[in-house]
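Working notes, structure below.
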Amino acid sequence: KAGVTQTPRYLIKTRGQQVTLSCSPISGHRSVSWYQQTPGQGLQFLFEYFSETQRNKGNFPGRFSGRQFSNSRSEMNVSTLELGDSALYLCASSWGAGQGKFVTEAFFGQGTRLTVV
Amino acid sequence: AQTVTQSQPEMSVQEAETVTLSCTYDTSENNYYLFWYKQPPSRQMILVIRQEAYKQQNATENRFSVNFQKAAKSFSLKISDSQLGDTAMYFCAFMKPLEYGNKLVFGAGTILRVKS
């Protein structure tokens, strides 16, 4: 069974540009969450999608957005990039809805390392 | 809001010895889940162990076990017979189902170095 796949693995962008990161969850998983990891702020939750609907959103500016497609693949977009957006972006997929007995393990991808110059 | 605190930024242990990583959390909820994730240099986050708050029995997974103290809001991870491959960053994480879905709240992490 293939794991969570994130593309691209590495990305270098210039301030002011926009970027789109992709995440393909494990087959059958309907929940996809995104996290930003930086040395200063640690791991911070960006948002979660379940069955194409955004269920939760972290405390990030509107420049950060995402979506989920009918095949559960998800993309996140960052517009008007700032130097502080340089980070490792991790995607996690889960089978369950995270409710009641449907609390299941979150499987993580290897991340996309974004560098903004 | 839930918070997770890992008070040990770095720890080291000799191969084959036992080490305990600390984690405390703050919540007013009664039903929640706690996890320990491992992130080796490859950056791949791997689930080590999970604990349901409604279960009194401490979870164990081979060499990994937890000491879950619900009243004290403490969730420590014990690694027995440490191996070189255990060298990684370890994150404690909290999840409250229902309201927050699959959202994980992470601690700052503890770097564990296993020495030969």
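Readers should treat all values here as calculations from the given coordinates under stated rules, not as data from a laboratory. This structure is a prediction, so every number in the text was calculated from the model and none was measured. As a convention, Cβ positions derive from the backbone with ideal geometry for all residues, glycine included, and neighbour counts pool all protein chains shown.
Which of rounded, prolate or oblate describes chain B when judged by the alpha-carbon gyration tensor and an a/c cut-off of 1.5? Prolate is the answer for chain B, as a/c is 1.5 or above and a/b outweighs b/c. The calculated FRET efficiency for B:GLU52 paired with B:ILE111, based on their beta-carbon distance and R0 = 35 Å, is about 0.80. Measuring nothing but how far apart in sequence close Cα pairs (under 8 Å, 6+ apart) lie, relative to its length, chain B scores a relative contact order of 37 percent. Label-to-label distance, B:ASN31 versus A:GLU105, with points set 7 angstrom from Cα along the beta-carbon direction: 2.4 nm. Need one word for the stretch B:72-116: rounded, prolate or oblate. Basis is the Cα gyration tensor (sqrt eigenvalues a ≥ b ≥ c); a/c below 1.5 gives rounded, then a/b vs b/c decides. Note, shape of the stretch B:72-116 comes out prolate. Exposure proxy for A:SER93, A:SER72: other Cβ atoms within 10 Å of each Cβ, ordered fewest to most, give A:SER72, A:SER93. Report the extension gain between B:GLN83 and B:THR3 in nm, rounded to one decimal, defined as 0.36 nm multiplied by the number of residues separating them, less their alpha carbon distance. Answer, rounded to one decimal: 25.8 nm. In a Gaussian network model over chain A where Cα atoms closer than 10 Å are linked, find which of A:PHE107, A:PHE47, A:PHE69 has the largest mean-square fluctuation. The residue with the greatest mean-square fluctuation here is A:PHE69. In units of the compact-protein estimate 2.2 N^0.38 Å, the stretch B:4-43 shows a Cα radius of gyration of 1.51. Given a Förster distance of 45 angstrom, what is the FRET efficiency for B:SER74 paired with A:LYS13, based on the Cβ-Cβ distance and rounded to 0.05? Taking R0 as 45 Å, the efficiency between B:SER74 and A:LYS13 is 0.60.
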